[in-house]
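To start, the structure itself, in structure tokens.
The values are calculated or read from the model by the stated rules, or taken from the named source; none is laboratory data. Quick caveat, the model's predicted, so the values are computed rather than measured. Cβ sites come from the backbone with ideal geometry, for glycine too, and all protein chains shown count toward neighbours.
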Ligand SMILES: NC(=O)c1ccc[n+]([C@@H]2O[C@H](COP(=O)([O-])OP(=O)(O)OC[C@H]3O[C@@H](n4cnc5c(N)ncnc54)[C@H](O)[C@@H]3O)[C@@H](O)[C@H]2O)c1
């Protein structure tokens, strides 16, 4: 396959982004990594393990000029850009009554504006190629108003990602671009204040319909499905990957 998928937020060693980049590479996608932390070791791991190209750039998704430079660099280094997974994000457990303006803006800037900056730039290239698959990560927190770890600004940003997804599905559909979201429930990564203790795991599992916590690979496979050729008739959709935490 002579196509590239960009994965933001892939540098984290136990994160969903890393699992997604590795799964997509195993399916033949060339991989562009964009993260505020270095993704160089993941890029090397991908190229040594799979017969694809990989290139990592360090950039803050909440800084539009850094995003523009980063996507330019990925496009110059890799085959044509055909897919984007927006996974870069931060958690925020601050209660609303204690919330500072700085925290509100930090979370909205990274979790919402960051998705917009990357998508806006990448969509322009996809329109030129008349093909694209965009998948952004929302959260059960958008649907339930929090409830697992993060609170208000996180829920707001993740709910807005669903609105952005639906609006873009309309506008980009005529250009042969599908735009979808995944809404994970609790996934076993370090984003909820560090590695989960056995007590927190069992509390989280108690609220699910399945008897185990979600793994990064569970979300990665949903993203890879929405990015596949076979998903051409799915757009504007939010796919819950949440062990049944939210049924709608
Ligand atoms: N783990 C869960 O339970 C869960 C549930 C629902 C949604 N999500 C979402 O999935 C995504 C991935 O989360 P994860 O659990 O793998 O967490 P993680 O902390 O392991 O990964 C987040 C990644 O985003 C990167 N990042 C953070 N701020 C950035 C910035 N300003 N610019 C560029 N990169 C930045 C980090 O360096 C890291 O690699 C996040 O958007 C998160 O909100 C996670």
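Data table
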| quantity | calculated |
| --- | --- |
| Number of the condition not met by residue 34 [criteria: (1) more than 15 Å from the ligand (Cβ to nearest atom); (2) closer than 18 Å to residue 114 by Cβ; (3) touching a residue at least 12 places away in the same chain (Cβ under 8 Å)] | (1) |
| Unmet requirement for residue 177, which otherwise passes all of (1) in contact (Cβ under 8 Å) with a residue 60 or more places away in the chain; (2) surrounded by 19 or more Cβ atoms within 10 Å (Cβ to Cβ); (3) away from the ligand (no atom under 15 Å from the Cβ) | (1) |
| Pair list, Cβ under 7 Å, 6 or more apart: segment 182-193 residue within 21 Å of residue 162 (Cα to Cα), other residue within 6 Å of the ligand (Cβ to nearest atom) | 182/137; 183/139; 184/137; 184/139; 187/16 |
| So residue 97, is it at pLDDT 95 or above and either touching a strand residue (DSSP E or B) at 6+ places or on another chain (Cβ under 7 Å) or within 15 Å of the ligand (Cβ to nearest atom) (or both) | no |
| Verdict on residue 205 being assigned to a helix (DSSP H, G or I) and touching a residue at least 60 places away in the same chain (Cβ under 8 Å) | no |
